[in-house]
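K.L.:
Okay, here's the structure, questions in a sec.
Bear in mind that the values in this text are calculations on the coordinates, not laboratory data. Everything numeric here is computed off the predicted structure, so don't read it as measured data. A quick note on method: Cβ atoms are made from the backbone with ideal geometry, for glycine too, and the neighbour counts reach across all protein chains shown.
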Amino acid sequence: MIEKKYLRNFKMLSLEEQERLKKTKVLVAGCGGLGGYVVEMLARLGIGWITVVDDEAFEETNLNRQLFSTVNTLGKKKALVAKERILEVNPDVVVNPILTRIEEKNAKEVVAGHEVVVDALDSIPHRILLEKVCEELKIPLIHGAIAGWYGQVTTVLPGDRTLSIVYKHHKEGIEKELGTPSFSPAVVAGIQVCEVLKIILNKGELLSKKLLYIDLLNQEYQKIELHF
Amino acid sequence: MIKVKLFATLREGRANEIDFEFFPGINGRFILEKLGIPEKQVSIFLVNGRDYSLDEPISDGDVIAIFPPVGGG
């Protein structure tokens, strides 16, 4: 019997697939604009274990876009707020908050043991570090990034090294000039979660060696095939 | 003819697509200079879907796509 709270996941997900999600551990690196939406959607899908890695606390400038930021959560650590929120949404999901930033010295230890990792970070050097560690541990990485009206998503399977190519000349992107509104993280996070689900269930076509470049100003969605 | 497609903020003050006359030796650096795009604004420079160095020669009929870096979370 499918649990009532998952009834609307059915029949897109079979009973076996729903059970499979319960046994899956996903790590979300960063719990800001992208990460908040990703954690919420993973929990509602029924992912059994979500590790949330973020060392920051919510501040007022987060209120325009970060799902878990409210006037009541200002000053609280983002990863701890995520745990509280998901307890209200789906208490069967284990949320494991880790109050740190993924750095060279701790990355392997933090990331090991997860089936899929989501890159919801806001720093290009840290994104590249995460790609390197995921490759070493042979864990797929779902990358998402935003800037103003624009966003991008790619699925980095071990060996793809897509981020090392895409960001080879850059330490920061155009978000520094364009800012980050409410809607682009929601769009990109939705596509990232969809990639996580397909990896776990081994179905559909992944964005491996493909970069989905999203232009919400002109509603253009470019799926770029990358041949590096 | 070489077709150059610009994306996101690189379109500001420019067309979305620009055609360049082919000549032997034409490369990415020449095209960026003609378009007035500083190299540091370019994240991905693709020629027919492949990552190219700006110094590699481009062939007649190639399609180029240029994207700025997007890195926010």
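K.L.:
Give the separation of the Cα centroids, the stretch A:183-206 to the stretch B:1-60, in Å.
P.N.:
Cα centres, the stretch A:183-206 to the stretch B:1-60: 31 Å.
K.L.:
Report the antiparallel proportion of the DSSP beta bridges in the stretch A:12-225 as a percent, rounded to a multiple of 5.
P.N.:
Once the DSSP bridges in the stretch A:12-225 are tallied, antiparallel ones form about 50 percent.
K.L.:
So, with +1 on the Cβ of K and R and -1 on the Cβ of D and E, and no other charges, what is the size of the charge dipole of the stretch B:2-67 about its Cα centre, to the nearest 20 debye? List each step's numbers first, then the result.
P.N.:
Values: 8 positive and 11 negative charges, 48 e Å.
The dipole of the stretch B:2-67 has a size of about 220 debye.
K.L.:
Further question on the same structure: Could you put B:Val70, A:Val111 in order, starting from the residue whose Cβ has the fewest other Cβ atoms within 10 Å?
P.N.:
In increasing order of surrounding Cβ atoms, one gets A:Val111, B:Val70.
K.L.:
Holding the Cα-Cα limit at 27 Å, pick out from A:Lys108/A:Lys209; A:Lys83/A:Lys171; A:Lys198/A:Lys223; A:Lys78/A:Lys105; A:Lys138/A:Lys203 the pairs that are longer than that.
P.N.:
Check vs 27 Å cut-off fails for A:Lys83/A:Lys171.
K.L.:
Across peptide A:171-178, how many C-beta atoms of other chains are within 10 Å of each residue C-beta, on average?
P.N.:
That average works out to 5.
K.L.:
Could I ask something else about it? Which helices count as membrane-span-like in chain A under these terms: full DSSP H, at least 27 Å along the axis by C-alpha, Kyte-Doolittle mean of -1.0 or more?
P.N.:
Numbers: long enough: A:183-201 (28 Å, 1.74).
Span-like helices, by this rule, are A:183-201.
K.L.:
With θ set to phi - 60°, apply the Karplus curve 6.51 cos²θ - 1.76 cosθ + 1.60 along the stretch B:58-73 and write out the HN-Hα couplings as whole Hz, x wherever there is a Gly or Pro.
P.N.:
In residue order, the calculated couplings are 9, 9, 4, x, 5, 10, 10, 10, 10, 10, x, x, 10, x, x, x Hz.
K.L.:
Please give me, ordered by residue number, the chymotrypsin sites (Phe, Trp or Tyr not before Pro) of the stretch A:1-64 that lie in loop per DSSP and have at most 16 other Cβ atoms within 10 Å.
P.N.:
Numbers: sites: A:Tyr6, A:Phe10, A:Tyr37, A:Trp49, A:Phe58; in loops: A:Phe10, A:Phe58.
Taking the stretch A:1-64 and a limit of 16 other Cβ atoms within 10 Å, the loop chymotrypsin sites (Phe, Trp or Tyr not before Pro) found are A:Phe10.
K.L.:
Another question, if that's okay. As a footprinting exposure proxy, order A:Thr100, A:Thr51 by other Cβ within 10 Å, with the fewest listed first.
P.N.:
Values: A:Thr100 13, A:Thr51 21.
Listing A:Thr100, A:Thr51 from fewest to most nearby Cβ atoms yields A:Thr100, A:Thr51.
K.L.:
To continue, here is another question. Please name whichever of A:Gly30, A:Ile191, A:Leu137 sits farthest to the positive end of the charge dipole of the stretch A:12-225, dipole taken about the Cα centre and charges placed at Cβ: Lys and Arg +1, Asp and Glu -1.
P.N.:
A:Leu137
K.L.:
Does chain A classify as rounded, prolate or oblate by the C-alpha gyration tensor (a ≥ b ≥ c root eigenvalues; a/c under 1.5 gives rounded; else a/b over b/c gives prolate, otherwise oblate)?
P.N.:
Since a/c stays below 1.5, the shape of chain A is classed as rounded.
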